[in-house]
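Worksheet: one structure, shown below.
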């Protein structure tokens, strides 16, 4: 765990955002109840928040909002893909903002969380104070092909195990295979997908000891494949073309040079198309926000954002 993070803290409030389509979205608040609001958007799709995610933010200054997206973490039903699209996640965020009485908030997201942050900000730019994004992902076909097959050149052993169950080893074939198997509650297939993702994230670091795949793994991977097989429910180039709507919003793009999951080329492309966005490349950083160099850069980004806001 990086010592760059703020000390552990407990939430002062938590609850459920109810929907009319069967989903209940869990959320919490910590830090300063009168502080500047910031919402943490977790990755995946399909992952969840954890207590360390509160620690990127100065708790004396920020009102810290965490939520588990539809079907994720503590939200229910776990692993549910019905009524679960990017536009519905954007709507959940907007309903939560209103429910919490927040006028404008900062968006902090990494990997898929950066994708969702861009989608939300482009739909509701007036509700956004600024953005800090890490490991940027546009949900393009090129990015998905890189993840599914391009990385086989770096990780031939892990990729061979990953591709072993599929008759078609193209990116489309692998995605289709895993989507079909996980939709049939194949825990072994979910475990293989999880092992590949973990191997990619661990390049250059000691590989983690993976527990046996279980129902939680199945739920997480089901959500992720549901999104990836559908292009994350975004039109090709949608987020890149929509960056003009964010002109004038302060934005810091924190990118690990050694990030193989979401390579620096995406962050560089976004920075070139987004006037005013500042790209900060962390030379020692990879994909994980908890890598010491990445954690330091992310904490510093939120500290720097303070200068853009009038004092509380």
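On full extension of the chain, what length is gained from residue 245 through residue 290, given 0.36 nm per residue of separation minus the C-alpha to C-alpha distance?
Length difference between fully extended and current span is 13.1 nm.
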Checklist entry - Once label points are set 7 Å from the Cα along Cα→Cβ at both residue 94 and residue 21, what is their separation, rounded to one decimal in nm? => result 1.4 nm
Checklist outcome for this item: Plugging the Cβ-Cβ distance of residue 9 and residue 257 into 1/(1 + (r/R0)^6) at R0 = 30 Å yields, to the nearest 0.05, a FRET efficiency of 0.45
Checklist entry - What nm distance separates the two modelled labels at residue 278 and residue 52, each placed 7 Å from Cα along Cα→Cβ? => result 2.7 nm
Checklist entry - Taking the structure as given and computing Cα Rg over 2.2 N^0.38 Å, which label from (i) 1.01; (ii) 0.95; (iii) 1.18 fits? => result (ii)
Item to check | Angle between the chain longest axis and helix 264-273 axis [Cα atoms, degrees, rounded to 10] | outcome: 50 degrees
Next on the checklist: Multiplying the sequence separation of residue 145 and residue 269 by 0.36 nm and subtracting their Cα-Cα distance, what value in nm do you get?
Outcome noted: 42.9 nm
Item to check | Nearest-ten-degree value, helix 171-183 long axis tilted from longest Cα axis of the chain | outcome: 80 degrees
Checklist entry - Can you work out the FRET efficiency for the pair residue 157 and residue 214, with r the C-beta to C-beta distance and R0 = 25 Å, to the nearest 0.05? => result 0.55
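Throughout, read-outs are computed from the coordinates displayed, never taken from laboratory work. These numbers come from a predicted model, not from an experiment. Glycine also receives a Cβ, built like all others from the backbone with ideal geometry; neighbour counts cover every protein chain displayed.
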